[in-house]
Amino acid sequence: MSPKRLNVNFLKSSRDALNLTQAEFAEQAGVSLRTIVNIEAGLPCRPGTLKKIEDFFLKSEILLMNLNTK
């Protein structure tokens, strides 16, 4: 499979909204810090890496929705 590009602005702004450093985000998403640095520099990532990041954001969205309803 060919590498995929993630929207850099989305990643940075979402990470900032969650008050996470690159290292914290990488750990929680299950990827390396170098991967996050590369993605935020505009480099492509593997489909499996993109899936991990998508899964992290889905979990984060659910957590945020739950917090907003309390």
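The values are calculated or read from the model by the stated rules, or taken from the named source; none is laboratory data. Model, not experiment: these values are computed from the prediction. As a convention, Cβ positions derive from the backbone with ideal geometry for all residues, glycine included, and neighbour counts pool all protein chains shown. The accessibility values were calculated without ligands, DNA or RNA, using every heavy atom of the protein model including side chains. Shrake-Rupley method; radii C 1.70, N 1.55, O 1.52, S 1.80 Å.
What about Ser32, is it open to solvent by 50 Å² or more (accessible area, probe 1.4 Å), small (Gly, Ala, Ser) and at pLDDT 95 or above?
Taking the combined requirement at face value, the residue satisfies it.
Counting only residues that are small (Gly, Ala, Ser), give me the helices (runs of 4 or more DSSP H) lying completely in the stretch 1-52 with at least 2 of them.
Ranges flagged: 8-17, 22-29.
Between Glu24, Glu40, which is more than 16 Å from Asp55 (Cα to Cα), surrounded by 12 or more Cβ atoms within 10 Å (Cβ to Cβ) and acidic (Asp, Glu)?
None of the other options fit; the residue is Glu40.
With respect to the numbered conditions (1) at pLDDT 85 or above; (2) of a type in the set (Gly, Ala, Ser); (3) loosely packed, with under 11 Cβ neighbours inside 10 Å, which one is the sole condition not fulfilled by Ser2?
It is condition (1) that Ser2 fails.
For the stretch 3-21, give me each residue that is free of Cβ contacts under 8 Å to residues at least 24 places away in the same chain and more than 13 Å from Ile53 (Cα to Cα).
Asn9, Ser13, Asp16, Ala17, Asn19, Leu20, Thr21
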